[in-house]
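The structure under discussion appears below in the form of structure tokens.
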Amino acid sequence: MANAKIIIIGGGPGGYVAAIRAAQLGADVTVIEEDKIGGTCLNRGCIPTKAILASVQTLALFERADQLGIEVEKVVPNFSRMMERKNKIVSQLRGGIDYLLKANKVKVIKGRANFLNSHSICIETEAGRKELEGEKIIIASGSKPILLPFLDSNHPAVLTSEQALELKEVPESLLIIGAGVIGCEFASIFNPLGTKITMIEMMEQILPTEDKRVAQTMERIFKKRGINIFTSTKLEEITEYREDGITAKLDKGEKIEAEKILICVGRSPRINNMGLENLSLKTDQKGTILVNEKMETTQQGIYAIGDVVGGYLLAHVASEEGIIAAENATKLTSEIDYTSVPSCIFTSPEIGTVGLTPDKAEEKGIEVRIARFPFTACGKAHAIGETDGFVQLIVRESDHRILGGQIVGLHAADLVHEIALAIRWGLTAEQLSSTIHAHPTLSEAIMEAARKAEKKPIHLI
Ligand code: FAD
């Protein structure tokens, strides 16, 4: 179907990527965005956190420059300049997306979209209301932070990730509720800046969805850096709100005072005030829109992608789902494949995981061998002074195919893609280990882990 009229609600990494792909396939595309193009990822998520992390990692590097034979007299972090740099990067990248949308002849309307029926949308813009008809509609409205109902979220000490990214000053102390991905990334941002951090996690381990060994390694590193961690612990109440902070009571009785409290307990689909009641599409109890592998909702002609469909709450997954929806909404037939989704955590050091963990393999009844190679046995890791962490491969016993991998270490978020590629294309440990890896590189640790899986390690006993 050429020149299909497609409306996309939301201009985040799901929506804008879907728009470009649909336009490439000849559709007449309009994106409706009520806030800023780029969505959570660009404006309040992936990019701003990584921009600030780059500054604090540079600071951390200067602080251990001595170990690399460099005497640095004084290192002075300038938080407002870090934030200025972050804002500049975000607006530059936003300009890039605007340009790409224009170049692909995608129309963008700034306003809030509301369904009138399955192909009519009412848009509330600054200039008033207007209506738009589309043959196909893609919902890419994203997610929002979950708040704790017993907290006064209007108090200036109470922050979500969005407000934490707009702080003007480094807090002296920070209580982080929830030691998942976002909580751990903020701990990695503020710890090198001198903030006294306490993290509380109600599950048994920090990073509850990650492999035990990954979580234990990260917890050890965090503790070594002075971060106070309580697992299997809940925030019971805030006993005092003061001008300069709060006092929190934990369920085990401890009292913690902090200048700020950051709530990182998860995100919920953004479906409110969108007129979904005028449609017959199905959601689950949390409001997640139900879709099939073509990203079709239960209502014909309406697709949904990204955080609003739950599963992986990751920008690259939203984008891939956007491509699949755009292809199905135009003239192709495509299905999403989640078997090799890399999931990266930008702590210091980074974490990169993909495919099955040892526990997941066991749950599925798949017999596997687990091969681990520590960075302490990697020459390059010593040369650059970054020996924390390991590579772990999960290899199916029956045919030696690689089913999963976890990396903790410098550049883990980049390194993990070699394992993702192996999983996606069904490579065996033998195929991976017989691929010559350059020396000295951190990638050699992946090759060595594959050799270990084949019971022929060189640099390990
Ligand atoms: P969003 O990016 O949330 O975009 C949805 C857009 O829809 C928004 O711009 C919103 O304004 C608009 N919208 C909603 N309703 C309407 C309406 N009715 N009318 C018009 N417009 C509407 N993911 C990673 O992969 N890597 C990371 O490093 C990473 N870091 C993160 C760090 C933080 C602090 C956070 C909060 C998230 C992070 N994420 C990361 C997750 C990532 O940001 C999301 O998975 C991704 O943005 C989801 O994309 P999306 O397009 O589904 O939704």
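The values are calculated or read from the model by the stated rules, or taken from the named source; none is laboratory data. Please read these numbers as outputs of a predicted model, since none were measured by experiment. Cβ: placed from backbone, ideal geometry, glycine included. Neighbour counts: every protein chain shown. Quick note on the areas: whole protein, heavy atoms, side chains included, nothing else; ligands and nucleic acids left out. Shrake-Rupley method; radii C 1.70, N 1.55, O 1.52, S 1.80 Å.
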Query raised in the report: For segment 134-149, what are the residues that are hydrophobic (A, V, I, L, M, F, W, C) and more than 9 Å from the ligand (Cβ to nearest atom)?
Result: I137, I138, I146, L147, L148
Query raised in the report: Can you name the residue in segment 1-57 that is without any contact (Cβ under 8 Å) to a residue 60 or more places away in the chain and under 20 Å from S348 (Cα atoms) and, of all such residues, is surrounded by the fewest Cβ atoms within 10 Å (Cβ to Cβ)?
Result: A54
Query raised in the report: Name the residues in segment 263-290 that are in contact with a helix residue (DSSP H, G or I) (Cβ under 7 Å, 6 or more places away or on another chain), within 24 Å of I323 (Cβ to Cβ) and in contact (Cβ under 8 Å) with a residue 24 or more places away in the chain, would you?
Result: R267, P269, R270, I271, I289
**Report entry** Top-ranked residue in segment 69-84 [being under 29 Å from A383 (Cβ atoms) and open to solvent by 80 Å² or more (accessible area, probe 1.4 Å); ranked as nearest to the ligand (Cβ to nearest atom)]
**Finding:** V76
Query raised in the report: Do we find a residue being more than 23 Å from E259 (Cα to Cα), outside the structural domain of I370 (by TED's automatic domain parsing), in contact with an Asp or Glu (Cβ under 9 Å, 6 or more places away or on another chain) and within 16 Å of the ligand (Cβ to nearest atom) anywhere in segment 175-194?
Result: no
Report task. Give me a count of the residues in segment 18-37 that are closer than 13 Å to A329 by Cβ and either near the ligand (Cβ under 10 Å from one of its atoms) or not assigned by TED's automatic domain parsing to the domain that holds S118 (or both). Result -> 1
Query raised in the report: Residue check, I458 against (1) modelled with pLDDT of 95 or more; (2) part of a loop (DSSP other than H, G, I, E, B); (3) among the hydrophobic types (A, V, I, L, M, F, W, C), all met but one. Which one?
Result: (1)
Query raised in the report: Can you tell me which residues in segment 291-312 are away from the ligand (no atom under 12 Å from the Cβ) and either in contact (Cβ under 8 Å) with a residue 40 or more places away in the chain or among the small types (G, A, S) (or both)?
Result: E293, K294, T297, Q299, Q300, G301, I302, Y303
Requested in this report: Could you tell me whether segment 117-133 includes any residue that is within 16 Å of the ligand (Cβ to nearest atom), more than 30 Å from V291 (Cα to Cα) and free of Cβ contacts under 8 Å to residues at least 12 places away in the same chain?
Outcome: yes
Query raised in the report: Which members of segment 206-224 meet the condition of being open to solvent by 20 Å² or more (accessible area, probe 1.4 Å) and touching a strand residue (DSSP E or B) at 6+ places or on another chain (Cβ under 9 Å)?
Result: T209, E210, R213, E219, K223
Query - Looking only at segment 150-170, and only at residues there that are under 25 Å from G306 (Cα atoms) and surrounded by fewer than 19 Cβ atoms within 10 Å (Cβ to Cβ), the one that is nearest to the ligand (Cβ to nearest atom) - result: E162
**Report entry** Residue tally, condition free of Cβ contacts under 8 Å to residues at least 40 places away in the same chain, open to solvent by 10 Å² or more (accessible area, probe 1.4 Å) and within 8 Å of the ligand (Cβ to nearest atom), over segment 313-341
**Finding:** 1
Query raised in the report: Would you call E277 more than 16 Å from the ligand (Cβ to nearest atom) and open to solvent by 40 Å² or more (accessible area, probe 1.4 Å)?
Result: no
Query raised in the report: Would segment 101-112 turn up any residue that is open to solvent by less than 40 Å² (accessible area, probe 1.4 Å) and either touching a Leu at 6+ places or on another chain (Cβ under 7 Å) or among the polar types (S, T, N, Q) (or both)?
Result: no
